[in-house]
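Comments concern the structure below.
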Amino acid sequence: MTRARIERFAAMGTRVELHAFDGATPAALADARRAVEAVDDALTIHRPSPLVALNEALLAGREAAVTDAILLDALDAAAAAHVATFGLFDVAADRRTGGNWTMVRFDRAGGTVAASRPLALDFGGLGKGLALDRAGAVLRDAGVTSALLSAGESSILAFGPHPLGGGWPFAIPHPIDADATLLEIELRDQSLSISATVGVGTDAPERAALLRPGEPAAIAPPACAVAIAESGAAAEALSTALVVADPARAARLLRDRRDTRFRFDLAHQESRVA
Amino acid sequence: MTKDHFDLSRRSFLDRVLAATAGAGVAAAAPWASAAAQGAAAAPAAGPRVRLGVIGTGDRGRALIRNIQKSRNCTVAAICDTYAGNLDKARAIAGASVPAFADHRAMLDARGLDAIVIATPLNLHAAHAKAGLDAGLHVWCEKAMARTIKDCGAMVTDARKAGKILQIGHQRMFHPTYLNALKRAKAGEIGTITQVRASWHRNNSWRRKVPADATDRQINWRLYREASAGLMTELATHQLQVGNWFLDAVPTKVIGSGSICFWKDGREVYDHVALVYEYSGGRKVIYTSLLNNARYGCEEQIQGSTGTIEPELGRIYQEVPPKQLALQRMQQDIRKGSKRTVPIGGATWFPELPVTTPGESLGWGEYDETMLQFEGFGEAVRAGRPLPGLLAQAYHASVASLLGEAAMDKGEAMTWPTDLVAVREG
């Protein structure tokens with residue numbers, strides 16, 4: 001039996017677990033943890049950080065120079081996610097400021113960010129996906145060939161085979177009915193993200209409400225979305241977009257993606273795989 | 001209630017008490033209840049009824065008269081109260097043929113009694129008890145025992161010297177639900193009991209309307225320090241007895257804070273009390289009582305390592321096992337060479353809210369346990385032997401309540417007195 005090494009710690013406002021199997025060393029786990037914590041340090045909005053500095057400038061109506069590499073990568077990822085989700089994943093969406101990503105001018109080459117009106121950015125789940133991606137890369141570079149990384153059990157990255165062979169089997173429980181399962185799936189070198197408006201944990205302290213960009217109220221109907229993608233960042237953006245999507249845009253996101261994108265409307269207690 | 005129904009419910013009540021007190025652990029922890037129920041079930045009506053003279057016929061005294069009337073071996077032979085209004089109401093219950101007195105000495109001088117029942121203001125208990133004992137009578141006295149720890153001890157000593165029964169009214173000690181709770185606690189169903197959190201919360205002034213022919217101190221004696229320690233002696237005593245009982249010990253010390261916080265109406269006793277009683281091994285009784293919020297009512301939460309008992313609600317609860325996180329289970333599976341689907345997406349943060357599992361019923365007694373107190377007292381008087389263990393429980397509960405008052409008054413920890421009277425019973 002391959003020896004497992006596990007690193008558990010709090011970061012990104014949740015419980016992060018790094019389970020590494022073949023080839024894992026304590027140093028590799030420690031480096032992977034530092035990778036997660038570095039993303040947390042760059043993207044947190046709860047203490048001084050490069051993102052907080054950027055938000056202060058944007059809220060003051062100033063253009064900001066961004067030098068932090070992680071924040072620049074996150075901005076890139078946010079821009080890509082906005083496009084990929086038809087505007088549904090929006091790190092600038094904010095009921096208080098009325099902002100959205102279309103008001104943001106991001107110049108990656110010049111390393112500057114500006115906005116057409118005062119607003120602030122919140123990377124939310126995208127940060128968790130980015131953190132897992134970077135931690136996964138650290139472990140791979142260290143020679144680990146089998147690992148499962150989790151941020152709050154709603155963000156998962158798995159690479160390599162399961163220690164007992166094959167893929168990594170997961171079940172997505174019904175967030176309301178503890179006896180029911182929404183979905184069973186196997187991951188193979190993939191990331192998975194779950195977003196829900198109901199269920200245990202949705203009322204956790206400081207958990208941001210799910211917003212549909214451009215609409216004033218938080219998403220209230222009970223729904224759960226699951227997205228599988230090659231990267232954690234992409235999976236996070238897609239699951240968020242799916243759960244906040246209106247029917248038309250949800251249909252566009254789900255089209256021809258029956259195996260990797262799922263949205264469950266729980267209002268009628270009917271599990272529906274679109 | 002018809003006689004048949006009364007007999008049936010009485011029989012059912014006694015059966016519950018007997019069932020709850022069966023077994024060595026409970027018989028040792030509640031010997032009084034076992035003895036009282038066995039006596040009542042055996043031949044409660046044999047022989048002449050024990051003649052009781054009730055001193056103090058206010059609300060509580062009249063409730064006691066009704067319970068005495070339900071018993072099979074006691075009878076109300078005289079009533080006494082200094083306030084005519086109370087005496088008139090008691091006469092209507094006891095019957096016109098029962099002699100009524102305005103002075104307890106006159107009642108004692110009139111003879112014809114086997115025992116007295118004291119339901120007077122607290123500061124009069126000791127003197128009334130002594131008067132009864134001096135008159136050669138046994139004494140049943142409402143809790144708390146007396147206004148001072150010294151007087152509590154004096155009552156114990158006076159009864160011993162007189163060779164008479166002294167029994168204190170603590171009805172929870174005869175309640176089938178409490179006895180069943182004790183049985184299940186003794187059986188280890190809630191694990192090691194380390195804390196009892198007790199409260200008696202009401203939302204009223206605790207002030208009675210004063211008739212034109214009475215004084216406030218006469219009617220609302222509970223609000224004045226001369227006569228009462230307020231919430232401590234009138235309410236907490238019951239629950240401190242439960243705490244001692246379930247922890248099978250007396251406190252080592254108590255700290256507390258008391259205040260007249262809401263009802264600033266001239267009363268002298270606290271309307272808010274909060275105390276911590278320490279017991280050996282770091283165990284505690286945490287007690288609060290207040291008079292302007294009733295949400296949490298009256299309860300003793302008996303907290304063990306594997307469960308909780310709430311006897312006022314009549315329920316026992318098992319601890320809910322901690323949620324196992326999905327990935328921990330995955331690791332366990334892998335170590336065992338087992339590959340199972342991992343339920344993912346659950347929260348890793350669980351709000352630590354009160355557990356609301358319904359628990360299990362401890363059973364209810366539809367009968368009034370105060371009746372059994374009197375049947376037990378009647379048998380004790382007939383036999384000339386007190387119900388075993390009861391007086392020590394009552395004495396220690398009264399001492400605990402008064403010690404708590406002292407801790408609050410002085411603002412310092414009070415250690416359990418080392419000079420208490422030894423209670424020799426049975």
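The values are calculated or read from the model by the stated rules, or taken from the named source; none is laboratory data. Everything quoted here is computed from the prediction, not taken from an experiment. Positions of Cβ are generated from backbone atoms using ideal geometry, with glycine treated the same way; all protein chains shown enter the neighbour counts. What goes into the accessible areas is simple: the full protein's heavy atoms, side chains included, and nothing from ligands, DNA or RNA. Shrake-Rupley method; radii C 1.70, N 1.55, O 1.52, S 1.80 Å.
If you go through region B:231-263 and pick out every residue that is touching a residue at least 24 places away in the same chain (Cβ under 8 Å) and either among the charged types (D, E, K, R) or over 17 Å from B:G169 (Cα atoms) (or both), you end up with 17. Of all residues in region A:149-165, those satisfying the criterion of being within 9 Å of chain B (Cβ to nearest Cβ) and hydroxyl-bearing (S, T, Y) are A:S150, A:S154. When A:G125, A:G136, A:G143, A:G129 are checked against the criterion of being more than 14 Å from every other protein chain (Cβ to nearest Cβ), open to solvent by 10 Å² or more (accessible area, probe 1.4 Å) and either part of a helix (DSSP H, G or I) or more than 19 Å from B:R340 (Cα to Cα) (or both), A:G143 stands alone in meeting it.
Scanning region A:58-73 for residues that are under 20 Å from the mean Cα position of the chain (by Cα), closer than 30 Å to B:D333 by Cα and more than 14 Å from chain B (Cβ to nearest Cβ) turns up nothing. For region A:221-244, a residue qualifies if it is farther than 15 Å from A:I172 by Cβ, at pLDDT 90 or above and in contact with a Leu (Cβ under 9 Å, 6 or more places away or on another chain), and the qualifying residues are A:A229, A:S231, A:G232, A:A233, A:E236, A:A237, A:T240, A:A241.
Of the residues making up region A:166-185, those that are more than 8 Å from every other protein chain (Cβ to nearest Cβ) and either closer than 20 Å to A:A4 by Cα or within 13 Å of the chain's Cα centre (by Cα) (or both) number 1. The residues of region B:202-229 that are among the small types (G, A, S), over 14 Å from B:A146 (Cα atoms) and surrounded by 16 or more Cβ atoms within 10 Å (Cβ to Cβ) amount to a single one, B:A214.
Of the residues A:L72, A:L148, which is among the hydrophobic types (A, V, I, L, M, F, W, C) and crowded, with 23+ Cβ neighbours inside 10 Å?
Values: A:L72 fails: crowded, with 23+ Cβ neighbours inside 10 Å.
Just a single option satisfies the conditions, and that option is A:L148.
Is it fair to say B:T75 is of a type outside the set (D, E, K, R) and part of a loop (DSSP other than H, G, I, E, B)? It is false that B:T75 is of a type outside the set (D, E, K, R) and part of a loop (DSSP other than H, G, I, E, B). Tell me, yes or no, whether region B:110-128 has at least one residue that is within 24 Å of B:E226 (Cβ to Cβ), hydroxyl-bearing (S, T, Y) and buried (at least 18 other Cβ atoms within 10 Å of the Cβ). Yes, region B:110-128 has at least one match.
For region A:6-44, residues that are surrounded by fewer than 17 Cβ atoms within 10 Å (Cβ to Cβ) and either of a type in the set (K, R) or assigned to a loop (DSSP other than H, G, I, E, B) (or both) total 4. When the residues of region B:129-145 are narrowed to those that are surrounded by 24 or more Cβ atoms within 10 Å (Cβ to Cβ) and of a type in the set (G, A, S), which ends up farthest from the chain's Cα centre (by Cα)? In this case the residue turns out to be B:G132.
Scan the strands (runs of 3 or more DSSP E) fully inside region B:269-316 and keep the ones with 3 or more residues being in contact with a Ser or Thr (Cβ under 8 Å, 6 or more places away or on another chain). Before you say what the answer is, go through the steps one by one.
On the way: elements: B:272-278, B:284-290, B:298-304, B:307-310.
Ranges flagged: B:272-278, B:284-290, B:298-304.
Within region A:186-202, being farther than 18 Å from A:A234 by Cβ and either at the interface with chain B (Cβ under 7 Å from one of its Cβ atoms) or modelled with pLDDT of 75 or more (or both) holds for A:E186, A:A196, A:T197, A:V200, A:G201. All told, B:Y367 meets the bar of being within 17 Å of the chain's Cα centre (by Cα), of a type outside the set (D, E) and at pLDDT below 90. Assuming B:L240 fulfils every condition listed in (1) part of a helix (DSSP H, G or I); (2) over 18 Å from the mean Cα position of the chain (by Cα); (3) aliphatic (A, V, I, L, M) apart from one, which condition is it? Only one criterion in (1) part of a helix (DSSP H, G or I); (2) over 18 Å from the mean Cα position of the chain (by Cα); (3) aliphatic (A, V, I, L, M) is unmet by B:L240, namely (2).
State which residue is most open to solvent (accessible area, probe 1.4 Å) when the search covers only region A:99-122 and only residues that are assigned to a loop (DSSP other than H, G, I, E, B) and aliphatic (A, V, I, L, M). So, considering only residues that are assigned to a loop (DSSP other than H, G, I, E, B) and aliphatic (A, V, I, L, M), the one most open to solvent (accessible area, probe 1.4 Å) is A:A109.
Condition check ((1) out of contact with any strand residue (DSSP E or B) (no Cβ under 6 Å at 6 or more places or on another chain); (2) among the β-branched types (V, I, T)) across all residues:
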| site | (1), (2) |
| --- | --- |
| B:A249 | yes, no |
| B:K253 | no, no |
| B:F262 | yes, no |
| B:V269 | yes, yes |
| B:L290 | no, no |
| B:R295 | yes, no |
| B:I302 | no, yes |
| B:T306 | yes, yes |
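Of the residues A:A32, A:A81, which single one is under 22 Å from A:S239 (Cβ atoms) and touching a residue at least 60 places away in the same chain (Cβ under 8 Å)? Quick ask: steps written out before the conclusion?
Values: A:A32 fails: under 22 Å from A:S239 (Cβ atoms).
None of the others qualify; the one that does is A:A81.
Checking A:A80, A:A171, A:A158 one by one, the residue that is touching a Pro at 6+ places or on another chain (Cβ under 6 Å), over 21 Å from A:S49 (Cβ atoms) and not in a loop (DSSP other than H, G, I, E, B) is A:A171 and no other.
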